[in-house]
Structures are given as structure tokens and as C-alpha cells.
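Undergrad: Okay, handing you the structure first.
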Amino acid sequence: MTSQLNDAAHDQLFRTARTYNAFSGDISDATLQQLYDLLKFGPTEANTTPARIVFVKSAEAKAKLGPALSEGNYNKTMAAPVVAIVGYDLRFFDKLPVLFPHTDAKSWFEHRDADNLAWVAMRSSSLQTAYLILAARSLGLDCGPMTGFDNAKVDAAFFAGTSIRSNILVNLGHGDPASIFPRSPRLSFDEACQIA
């Protein structure tokens, strides 16, 4: 990296970007492809890239998702143009011969217990969710990430019979400014950081 992004880019990605509770607009399949083609380059542990994403757009898919949502998240999620279900593949290591070809990284993971694999996969898929949010913002979309849902119901509806488990939902669209509260405070550098 040789140059710094300008203030307008910093604003769009961070300073003025918000978590919205109401959305409008349409998102094309081509835009979702473009979104993934950006987020996939974010780093993960040993390039495991365990995130598996279902972009929920159709009425039928939203009907499957609805029963898993908490009461407070139901209406805004049903109305969002797209809901990204970000899951993680517990068998992410099967892809490592392709994703990490310069050494036998599959052997680092394939014999670990289920809890450890879930921890590795959830950690990196959470990173990938952050990349999804930043990629979406860079494409002019707003986001509403949330964890207020029943993971078991989402897994049964969208990932049954697979090694994929749900992690985070992200509503995508063009945010309605009337749906947000004043920005909540953030910790100062001195409260959250130290230089050792």
C-alpha cells in the first residue's frame, strides 16, 4: 500500500457509515457477485476462508428465514432487499489443498475436535463478515448486521445435511436515515489501546 484513502472514502467506510434498521432499493445479482469478489480477498487464518453465504432475496427464501428471527429483527429483515446469511463450513480444511497450496495445511486442522474447528471457522467467518460490510459500503450499500436469530432454525432451513453453520445475518440495501438513532459513543484510543 503506497497511498492513503481520502476523507470521503474514510467517511463512507467508517465515520459516517451506520447500522440501519430500514432499507429500500434493489440489489442485482451482479452487485452481489461484485460484493463477494471484493470480500474474498480479506485475510483469514491460513487462508481458510470458511464463510459460506446465502443471499436471501426471494419471498420464498424470506419465508424460510422468518421463523428464525427475533421479534425485534423480523420486520426490518423481511423488508430488506437482501439478507446475507453468513455461515461457516466446519469442513473448511477440505479446500486447503487449493487455498493454501504451498504446504499441507489440511493436516493442521482435519484431526481437530469439533469445538476447535468451530472456533477456527467462526473466528475467520466473523472476519469475513466485516469484509462483507466494508465491501458493501464501498459499493454504495448500507448494512444492518445482527445476531438476533435462532441459529438452529437457520441451519435447518438453509444448511440441513451440510457441514455449514450460521454465524451472522446482514441486511443489505439503501438505508433509511429515519431508522437510526444518534451514533452511540465509542471508546477513546487510551481506553481501548496501548502501545507496548
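The values are calculated or read from the model by the stated rules, or taken from the named source; none is laboratory data. Nothing here was measured: the structure is a model prediction, and the numbers come from that model. Quick reminder, even Gly has a Cβ in these numbers, built from the backbone with ideal geometry, and neighbours come from all protein chains shown. When the accessible area is computed, the model is the full protein with side chains, heavy atoms only, and any ligands, DNA or RNA have been set aside. Shrake-Rupley method; radii C 1.70, N 1.55, O 1.52, S 1.80 Å.
Undergrad: Of the residues Thr147, Thr129, which is of a type in the set (Ser, Thr, Tyr) and either at pLDDT below 95 or open to solvent by 60 Å² or more (accessible area, probe 1.4 Å) (or both)?
TA: Thr147
Undergrad: Same structure, new question: How many of the residues making up region 87-121 are of a type in the set (Val, Ile, Thr) and out of contact with any Lys or Arg (no Cβ under 8 Å at 6 or more places or on another chain)?
TA: So the answer is 2.
Undergrad: Any residue at all in region 72-85 that's under 20 Å from Thr162 (Cα atoms) and of a type outside the set (Phe, Trp, Tyr)?
TA: Within region 72-85 (the criterion being under 20 Å from Thr162 (Cα atoms) and of a type outside the set (Phe, Trp, Tyr)), the answer is yes, since at least one residue qualifies.
Undergrad: Could you grab the pairs with beta carbons closer than 7 Å, sequence gap of 6+ or different chains, first residue in region 108-134 and free of Cβ contacts under 8 Å to residues at least 40 places away in the same chain, second one crowded, with 18+ Cβ neighbours inside 10 Å and assigned to a helix (DSSP H, G or I)?
TA: Sorted first by the residue in region 108-134, then by its partner, the pairs are Glu110/Phe93; Leu117/Phe109.
Undergrad: Checking Ile180 against (1) at pLDDT 95 or above; (2) surrounded by 10 or more Cβ atoms within 10 Å (Cβ to Cβ), which test does it fail?
TA: Status for Ile180: all satisfied but (1).
Undergrad: Identify all residues within region 3-61 that are closer than 15 Å to Pro81 by Cβ, loosely packed, with under 11 Cβ neighbours inside 10 Å and either touching a Gly at 6+ places or on another chain (Cβ under 8 Å) or not small (Gly, Ala, Ser) (or both); write none if there are none.
TA: Asp26, Asp29
Undergrad: Can you tell me which of Thr2, Thr31 is part of a loop (DSSP other than H, G, I, E, B) and β-branched (Val, Ile, Thr)?
TA: Answer to the check: Thr2.
Undergrad: Report yes if some residue within region 65-77 is over 19 Å from the mean Cα position of the chain (by Cα), touching a residue at least 40 places away in the same chain (Cβ under 8 Å), surrounded by fewer than 19 Cβ atoms within 10 Å (Cβ to Cβ) and closer than 18 Å to Gly175 by Cα; otherwise report no.
TA: There is at least one residue in region 65-77 that is over 19 Å from the mean Cα position of the chain (by Cα), touching a residue at least 40 places away in the same chain (Cβ under 8 Å), surrounded by fewer than 19 Cβ atoms within 10 Å (Cβ to Cβ) and closer than 18 Å to Gly175 by Cα.
Undergrad: Can you confirm whether region 9-17 contains a residue that is touching a residue at least 60 places away in the same chain (Cβ under 8 Å) and basic (Lys, Arg)?
TA: No, region 9-17 contains no residue that is touching a residue at least 60 places away in the same chain (Cβ under 8 Å) and basic (Lys, Arg).
Undergrad: Residues to consider are Ala84, Ala121; find the one that is open to solvent by less than 60 Å² (accessible area, probe 1.4 Å), touching a strand residue (DSSP E or B) at 6+ places or on another chain (Cβ under 9 Å) and more than 12 Å from Asn171 (Cα to Cα).
TA: Going through Ala84, Ala121 in turn, just one is open to solvent by less than 60 Å² (accessible area, probe 1.4 Å), touching a strand residue (DSSP E or B) at 6+ places or on another chain (Cβ under 9 Å) and more than 12 Å from Asn171 (Cα to Cα): Ala121.
Undergrad: Anything in region 87-107 that is among the charged types (D, E, K, R) and surrounded by fewer than 19 Cβ atoms within 10 Å (Cβ to Cβ)? List them, or say none.
TA: Passing the criteria: Arg91, Asp94, Lys95, Asp104, Lys106.
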